[in-house]
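These notes concern the structure reproduced below.
The values are calculated or read from the model by the stated rules, or taken from the named source; none is laboratory data. Owing to the predicted nature of the structure, the values given are computational and were not obtained by experimental measurement. Don't worry about glycine lacking a Cβ; one is built from the backbone with ideal geometry, like all the others, and counts go over all protein chains shown.
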Amino acid sequence: MEAKELLLAQYDLHDTLFNNVILDINDEEANRRLAPGINNVNWLAGHLVWGQRGLAKLGGVQRDIAWIDLYDSQISQPPSPELKAPSMEEIKDVWNRYSSAIREGLEKLSDEELNAPFEFPLPAFRTQEGFWAFINHHQAYTIGQIGILRRALGKEAMKYF
């Protein structure tokens with residue numbers, strides 16, 4: 001299996017797992033901070049949508065998400081006090097609205113495009129393909145965090161199917 005096929009398989013898995021890991025978590029639960037200093041489910045789910053931005057850019061997909069900067073891990077204060085965190089349903093809807101288009105764009109990338117240099121601080125990820133691999137890792141890591149919080153909320157474990 002070629003690298004692009006593996007990256008697409010991971011992308012597809014994350015698409016399924018995102019929807020499964022947030023299943024049956026309501027807004028009250030999603031906004032509950034279960035321990036000091038850890039993120040809540042809403043922030044992690046929004047951050048997953050935020051993380052999709054790199055793949056959207058790679059796949060040539062334009063996204064318009066008013067609240068996305070609330071989930072940028074590099075911003076310590078929300079960009080605007082008027083900006084309100086979306087509901088879990090809104091986060092899920094945005095993920096699903098863009099997911100297929102992003103996948104189609106990624107699938108069309110040529111080997112030449114994937115091997116093109118990409119400015120990134122980690123040496124192992126300095127091609128477009130490497131950046132995609134890093135984003136896949138980021139998504140899996142964040143989905144795993146929600147999976148732990150899901151169990152702490154008394155929900156059954158996330159399903160893989």
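For segment 1-19, a residue qualifies if it is hydrophobic (A, V, I, L, M, F, W, C) and in contact with a Ser or Thr (Cβ under 9 Å, 6 or more places away or on another chain), and exactly one does: 18.
The residues on offer are 122, 34, and the sole one that is modelled with pLDDT under 95 and under 27 Å from residue 6 (Cα atoms) is 122. Just one of the listed residues (92, 108) is among the charged types (D, E, K, R), surrounded by 14 or more Cβ atoms within 10 Å (Cβ to Cβ) and at negative phi, and it is 92. A count restricted to segment 124-146 and to residues that are farther than 16 Å from residue 49 by Cα and either in a loop (DSSP other than H, G, I, E, B) or touching a residue at least 12 places away in the same chain (Cβ under 8 Å) (or both) stands at 7.
Here is the figure for segment 55-83: residues that are at pLDDT 90 or above and among the small types (Gly, Ala, Ser) total 3. Test residue 106 against the stated conditions and say whether it is within 21 Å of residue 13 (Cβ to Cβ) and in contact with a Ser or Thr (Cβ under 8 Å, 6 or more places away or on another chain). So residue 106 fails the test.
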